[in-house]
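Trainee: Sharing a structure here in structure tokens format.
FYI, it's all coordinate maths here, none of it is from the lab. The structure displayed is predicted, hence computed values, not measured ones. So basically every Cβ, Gly included, is an ideal-geometry build from the backbone, and we count neighbours across all protein chains shown.
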Amino acid sequence: MANIYRARWLIPADGPVVDDGAVVAEGGRIVRVGPWSRVRPHAGPGDAVETFADGVLLPGFVNAHTHLSLSDLKGKFRPTKNFPSWLARLAARRIIRGQAKIRRAIEAGARESREAGTAAGADLTPDGPFDDLLGRDGARWTVYGELFGFGETGMNRLAGAVAAMEALAASGAPVRVGLSPHTPYTVGAEVFAAARCEADARGWPLSTHLHETLDEIAFTERGEGRLHAWLHGLGFLPRGWRPAGVRPIRMLAEAGFFRGPVLAAHGNYLTDEDIAILAASGSSVAYCPRSHAFFRHEDHPWRRLLAAGVNVCLGTDSLASSPSLSVLDEVRFLFARESGTDPRLLLDMATRRGARALGIENEVGDLLPGLTATLCVVGPVGATREPLAAVLSGEGTVQPAGGPG
Ligand SMILES: [Zn+2]
């Protein structure tokens, strides 16, 4: 028996809009896509047909950067230009949370994500084992074990993250695993180098936060700035710590971290030389538009990245700096802010490019036979203008469609 999803419009990530189209799924996989007139002859009497008469059927979205374990922090922080102060307050809140609370936060975040039409995502977390909660709804999560620390402390934390991710992978949970050294100001270059080796030995993907703030750049270049002052004051930096004397991405490249692709979150402040490192390594940048606005950063260089051939995708970041876990909300925000942007490019960044960043473009990100049928529908949408532009302008609400089968 097949599940058939018929909608007023079908919009693949790559390809023309199909009027009155349908997607046929069997066992959670797409087996046929096309106009209803061509799908209907193949439908059997036992097939279930769900019709969205004024809806737009889209591939499920890919959230390329989030922290589901912070999903209980919605609305707890005000927008600020002071990123280090926000991070210090976030760190304090994390310490006092019990494990039951973290577990509930991950569950709530995963639920909110799927309800927002998310088909896959990158979840960065130091709260490892609880992520066996993910994936049972058909969403394809990659859990990146997040780690902090310099020198021996950092190496021990890395070993802990590797063990946690190996246990998660062995648990049979329907997730992929990877590693994420947190940032160039909370993790030593030697730990980044070791994380690259550990990941390569296991075929795991890597992610990190990169060039999110000017304070981060001042930290590695000169051992200055608010992040340095905060971490130095905490005693977090090892005795005898010296700045690398170069920009963060250069420090990581010299450590070998960019000898393969990296999913770099933010990339808010990038020179042409920085972008060349990302391009040469086949890396992706997860731009988080509303988190970017929360911290009132300068304009994001996403168009320069695309022009240089870097894969740019979209993330929501966590609810500690973003109002929702909806990728569609991110796209709508960007569409409203950057007038004249091609809606098709934004859809591509929200779907196919995100799948490419996670290395799962053969699994999700488009409406094609063989991909998982984790879809979403937006409606009601009127017929007075181009349907994708209508959706990005705010028409309709999103709901998931399809699933594990
Ligand atoms: Zn983040």
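Trainee: I'd like the projected area of segment 355-405, averaged over all directions, using the convex hull of its alpha carbons. Report it in nm² with one decimal.
Mentor: Mean orientational projected area (segment 355-405, Cα hull): 4.6 nm².
Trainee: For the chain, the longest stretch holding no trypsin sites (Lys or Arg not before Pro) located in a DSSP loop with at most 14 other Cβ atoms within 10 Å is which?
Mentor: In short, 137-238.
Trainee: Follow-up question, since we're still on this one. Given a cut-off of under 8 Å on Cα pairs at least six residues apart, what relative contact order in percent is computed for the chain?
Mentor: Computed over the chain, the figure is 23 percent.
Trainee: With a/c under 1.5 counting as rounded, go ahead and sort segment 174-235 into rounded, prolate or oblate using the C-alpha gyration tensor (a ≥ b ≥ c being the square roots of the eigenvalues; past the cut-off, prolate if a/b is larger than b/c, else oblate).
Mentor: Because a/c hits 1.5 or more and a/b exceeds b/c, segment 174-235 counts as prolate.
Trainee: Would you mind telling me which residue in S393, S284, S207 has the biggest mean-square fluctuation in a Gaussian network model of the chain, where springs connect alpha carbons within a distance under 10 angstrom?
Mentor: In this elastic network of the chain, the residue with the biggest mean-square fluctuation among S393, S284, S207 is S393.
Trainee: Which length gain, in nm to one decimal place, applies between V31 and A336 when the Cα-Cα distance is subtracted from 0.36 nm times their residue separation?
Mentor: 106.3 nm
Trainee: Give me, ordered by chain and number, the residues 5 or more places off G34 or on other chains with an amide H under 5 Å from its own placed amide H.
Mentor: Residues meeting the amide H criterion: A22.
Trainee: Could you tell me how far the Cα centroid of segment 3-66 sits from the Cα centroid of segment 104-155, in Å?
Mentor: 28 Å
Trainee: Alpha carbons only, please: Rg and Dmax for segment 181-272, in angstrom.
Mentor: 12.9, 38
Trainee: While we're on this one: Based solely on its DSSP helices, what 222 nm [θ] is calculated for the chain when runs of n ≥ 4 H residues each add -39,500 (n - 2.57) and the sum is averaged over all residues, nearest 500 deg cm²/dmol?
Mentor: Working: 15 runs with 146 residues, N = 405.
Here the helix-only value at 222 nm equals -10500 deg cm²/dmol.
Trainee: Need one number for segment 281-405: average projected area of the convex hull over its C-alpha atoms, nm². Provide the component values of the computation, followed by the final result.
Mentor: Working: hull surface 35.7 nm².
It is 8.9 nm².
Trainee: Considering every pair of different Cα atoms, what Kirkwood radius, in Å, is found for segment 87-141? If you can, show how the numbers build up before the last one.
Mentor: Working: mean 1/r = 0.0824 Å⁻¹.
Averaging 1/r across every pair of different Cα atoms and inverting gives 12.1 Å.
Trainee: Anyone know which of F150, F77, F257 comes out most mobile in the 10 Å Cα GNM of the chain?
Mentor: F77
Trainee: I need two numbers for segment 94-199: Rg to one decimal and Dmax as a whole number, Cα atoms only, in Å.
Mentor: When restricted to Cα atoms, segment 94-199 yields Rg and Dmax of 14.1, 42 Å.
Trainee: Let me ask you something else. For all pairs of alpha-carbon atoms in segment 1-107, what percent lies in each bin of width 10 Å, listed from the first bin to the last filled one?
Mentor: Final binned percentages: 12, 29, 15, 17, 20, 6, 0.
Trainee: Pull out the extension gain between A389 and R242, defined as 0.36 nm times the separation in residues minus the alpha carbon to alpha carbon distance; nm, one decimal.
Mentor: Extra length available between A389 and R242 comes to 47.9 nm.
Trainee: A follow-up question, please. Rounded to a whole number, what is D in µm²/s for the chain from Stokes-Einstein with the Kirkwood radius over alpha-carbon pairs (37 °C, 0.692 mPa s)?
Mentor: 152 µm²/s
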